[in-house]
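Asks: A single structure is presented below for examination.
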Amino acid sequence: MAQSLHSFDEITFKQFVLFIKSHHQQLEENLCIYLNQDDTLSHEEQKIVGSLLDSFLLFFVTFNIEESEDEFETHVVVWLKSQLSLLSIKSFNLFRLIFEKALITLMIQIKYNRSTSILMCLLSIYSQLIYHFNEWVNEDMTVVHSKSFHDNTKLQSLDRLNKLLIRSSRVHEFAHILKKCEEFFSYKRCVFYAYIPWSNQVYGVIGAELPKVQSMKGQLSSRETTIFNAQKAIFLKDPKGYVKDEHIELFNLSSVIFVPIVNKQQVFGWLTFDQLGEEFDCSKEELDFLEEVGNRLGLYLSRSGESTSGSSNLHLTERESEILDLLAEGYDNKKMGEILYLSEHTVRDYISSLMTKLKAKNRTQVVAYAFRYGILK
């Protein structure tokens with residue numbers, strides 16, 4: 001009698017996730033070892049593959065088993081789409097190889113007796129990743145034949161942005177620039193979030209429905225940090241699991257693109273582009289293009305900061321500096337007063353003075369401008 005090919009106990013995706021959750025620390029150590037052992041990778045390639053591995057591991061560690069009703073393919077594809085700007089054939093293959101080696105090593109280390117079941121589940125996940133990755137690669141190859149029209153349109157849009165940036169010179173004109181970006185690049189909403197690296201916090205600064213935008217502030221979650229550390233444009237067809245539920249509801253978010261505003265490794269913040277609740281698709285070509293837009297805006301903010309901040313001439317009193325530091329940490333007026341033994345009214349006066357000196361319209365802009373001008377490090 002022929003022996004069944006299935007001579008192992010199959011496990012579900014949820015059981016696989018539970019295994020990863022239980023052993024993620026040791027698995028993370030193995031991933032680091034194998035990544036650092038590969039001396040064929042350039043620094044940039046190692047950074048990209050490392051980001052893919054970190055994000056993939058975090059995908060399992062933060063996966064909410066109780067809330068998930070869909071087949072695992074749905075969740076895996078959402079993750080893969082979020083990494084589109086990092087993916088190449090080389091990075092994709094290396095990421096899969098290193099993750100598999102680290103997982104096998106883990107199971108040997110703990111003497112796990114269902115190794116075959118775990119590996120077969122991983123291969124099922126890989127098959128979905130490979131299928132959709134190849135599908136997108138083929139789409140990109142198809143696009144090549146009609147690329148000249150799209151390239152010309154994008155170049156015209158970029159040229160319009162360049163002319164606008166040349167005419168503009170002050171940081172206060174940034175809101176107008178972002179509004180024009182919606183028009184130039186055919187998105188219905190563009191929002192800017194300033195980033196404070198030393199505290200790993202973001203602050204909503206500019207965008208439609210300003211009170212909502214400026215209510216967005218706080219420290220990035222571990223999943224958000226892992227995604228954004230790559231400093232690449234990111235597309236989330238479904239932001240659930242990557243963006244907090246209350247923020248999705250507040251902005252009626254469906255598909256969304258995150259674009260870093262960077263200049264010389266300095267991250268000023270992130271732009272989001274979306275279609276006001278409408279779901280849409282995005283190609284790697286579009287992400288690369290928007291990434292270049294982010295680079296142009298980063299250069300503009302660097303230039304504007306140098307010409308308008310007058311940071312060398314800007315003098316803050318010791319008390320103003322203390323208020324600014326506490327403001328950047330997210331304290332409210334009452335708490336700042338308690339810490340500094342001041343009344344709330346006096347704290348408000350100091351914040352008003354900071355707004356005047358930094359030419360900021362609100363306390364959120366005070367922090368954003370202070371970081372941009374080099375007052376906060």
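Asks: Net charge near residue 118, counting Lys/Arg +1 and Asp/Glu -1 over other residues with Cβ under 14 Å of its Cβ?
Replies: Spelling it out: positives minus negatives among the neighbours equals +2.
Asks: So, in nm, how far is label residue 40 from label residue 362 when the simple model puts each one 7 Å beyond its Cα toward the Cβ?
Replies: 5.2 nm
Asks: Taking a cut-off of 16 Å, what percent of all Cα-Cα pairs in region 234-299 are separated by more than that?
Replies: Beyond 16 Å sits 48 percent of the P(r) for region 234-299.
Asks: Calculate, for residue 341 and residue 315, the FRET efficiency according to 1/(1 + (r/R0)^6) with r their C-beta to C-beta distance and R0 22 Å; round to the nearest 0.05.
Replies: The calculated FRET efficiency here is 0.40.
Asks: Order the peptides 250-263, 278-291 from the highest to the lowest mean number of other Cβ atoms within 10 Å of their residues.
Replies: On the way: 250-263: 20.9, 278-291: 16.2.
My ranking of the peptides, most packed first, is 250-263, 278-291.
Asks: Another question, then. Residues with amide H under 5 Å of residue 189's amide H, sequence separation 5 or more or different chain, H placed in the peptide plane at 1.01 Å from N; which?
Replies: Under 5 Å from the amide H of residue 189 lie the amide H atoms of 274, 276, each far enough along the sequence or on another chain.
Asks: Among 176-186, 200-210, how do they line up by average Cβ neighbours within 10 Å per residue, starting with the highest?
Replies: 200-210, 176-186
Asks: If you don't mind, there's one more thing I want to ask. To the nearest 10 square angstrom, how much accessible area does residue 345 have with a 1.4 angstrom probe?
Replies: Result for residue 345: roughly 110 Å² accessible.
Asks: Which peptide among 321-330, 105-114 comes first, and what is the full order, when sorted by highest mean count of other Cβ atoms within 10 Å?
Replies: Going by the mean number of other Cβ atoms within 10 Å, highest first, we get 321-330, 105-114.
Asks: Would you mind checking the pairs 217/244; 179/357; 47/81; 14/240; 179/361; 188/361 and listing those with alpha carbons more than 22 angstrom apart?
Replies: Correct reply: 179/357; 188/361.
Asks: How much length would be gained if the chain were fully extended between residue 162 and residue 15, taking 0.36 nm per residue of separation minus their Cα-Cα distance, in nm to one decimal?
Replies: That works out to 47.7 nm of additional length.
The values are calculated or read from the model by the stated rules, or taken from the named source; none is laboratory data. Every value quoted in this text rests on a predicted model; they were computed, and no experiment measured them. Quick reminder, even Gly has a Cβ in these numbers, built from the backbone with ideal geometry, and neighbours come from all protein chains shown. Ligands, DNA and RNA are stripped out before the accessible areas are found, and what is left, the full protein with its side chains, is counted by its heavy atoms. Shrake-Rupley method; radii C 1.70, N 1.55, O 1.52, S 1.80 Å.
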